[in-house]
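The structure appears below as structure tokens.
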Amino acid sequence: MPDYFLGLDGGGTKTSAALADETGRVVCTHVGDSINYYSEGLEQARQNFAKILSDIKNKSGVPEIHSVFIGSSALFGKANGQELAAFTAGVCDAPYVTMDSDLAIALEGMMQKGECGVVISGTGSMAAGRRADGTIFSKGGYGYILGDEGSGYKIGLAGIQKAVTAFEGATEKTLLTGALQKKYQVNDLHDLTHIFYDPPIERKAIADFAKQVFDCAHAGDSAASAIIKSAARELAATAAALLREFEKPVPLGVFGGIFMHHAIYFDAFCKELQRLVANVSVCRLPLVPVLGAVLGAMKAAGKKITEEIKQNIMKAEI
């Protein structure tokens, strides 16, 4: 029976999975719930992980997986033995199981042998770089209270707060107020207090409002546009701090829903970064992180990454 390799990209709100055979051909993909054990709690994250594994095996018809590489937004670096066991013991019985930060798999997705950097903006945000000796370092990643600058969460939260202050007449009128009223089907925004506080609203629900902020910006709303540009500048500052750690210019890849789906944000980020750092080269990742995780699973099992494998993975549709 051929060996199969599973990559997981465990973000703040969902987990993407991809299963590939020995040639790098992706035979199954799946999206499940978050496996971030800080936001979900350890037991819930383990349950979500178990369900993803079961769903992948059922969808693919593959009974055994040789190597699993978990990219987790709960980590800053590679998990030690205790951390790995706490999350995977009794859930995953693959011969090779590795867990690292979600930025480690994004760096794999750069398809670069040497130095490079990545920045992710989805529900949360973070940046990481890989040095010539293979070591990985990060900037940001302090979570939604201490950091997550330029993220969907921060954009959504700023949009909600601006909608409320405009409703109160404390700031200029904005389309964000109507968008917030429509989303939660309320006329008086005071009615939002029980929705947001009893019990406390989930972080991903706040991040979801980023979509309305972008919609309002595209409709010409100046307050929404200002929020987006400010968020992009904040994350560009983090990216600039990352790039200054290198002695010479390195390629920088960006990924995450905010970068992938919103050109206004990507353009503002690039403009600010180019102002802060000379000779910067920004691109969207050649491989989405979940496919970088597949490569990581292969490498962890000692498999040589051939040109055929690279080409097959590049063809995958995620």
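Tabulated data for the structure shown
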quantity	calculated
Greater than 32 Å apart at Cα, pairs in Lys14/Lys271; Lys204/Lys271; Lys51/Lys211; Lys51/Lys310; Lys51/Lys162; Lys59/Lys154	Lys51/Lys162; Lys59/Lys154
Cα gyration tensor category, rounded, prolate or oblate, for segment 72-150 with a/c compared to 1.5	oblate
Loop-located GluC sites (Glu not before Pro) in segment 78-169, at most 15 other Cβ atoms within 10 Å (DSSP)	Glu168
Estimated dipole of the chain in Debye, rounded to 20 [Cβ of Lys and Arg +1, of Asp and Glu -1, Cα centre]	660 debye
Segment 202-318: C-alpha gyration tensor shape, a/c 1.5 cut-off, then a/b vs b/c	oblate
Leading residue at positive end of dipole, the chain (Cβ point charges), from Val97, Phe269, Gly81	Phe269
Computed E for Asp55/Lys78 - FRET, C-beta separation, R0 25 angstrom, nearest 0.05	0.45
Selected from Ala205, Val282, Gly147, residue furthest toward positive end of dipole (segment 143-284; charges at beta carbon)	Val282
Total formal charge among the other residues, if their Cβ is under 14 angstrom from that of Lys271, Lys/Arg +1 and Asp/Glu -1	0
Ranked list, fewest to most other Cβ atoms within 10 Å of each Cβ, for Tyr38, Tyr4	Tyr38, Tyr4
Among Ser121, Ile309, Ala219 the positive-end extreme of the charge dipole of the chain (Cβ point charges)	Ile309
Cα gyration tensor, segment 187-239 - rounded (a/c under 1.5), prolate or oblate	oblate
Nearest-20 debye value, segment 94-252 charge dipole, Cβ charges on Lys, Arg, Asp, Glu	360 debye
Sites Gln47 and Arg25, calculated FRET efficiency, Cβ-Cβ separation with R0 25 Å, nearest 0.05	0.25
Amide H within-cut-off set for Lys78, under 5 Å, with H built and near neighbours excluded	Ser101
Length released on extending from Asp198 to Ile305, taking residue separation times 0.36 nm less the Cα-Cα span	33.4 nm
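Every number here is computed from the coordinates shown, using simple stated rules; none is lab data. Everything numeric in this text was worked out from a predicted model, so none of it was measured. When we count neighbours, we look across all protein chains shown, and the Cβ atoms used for this are built from the backbone with ideal geometry, even at glycine.
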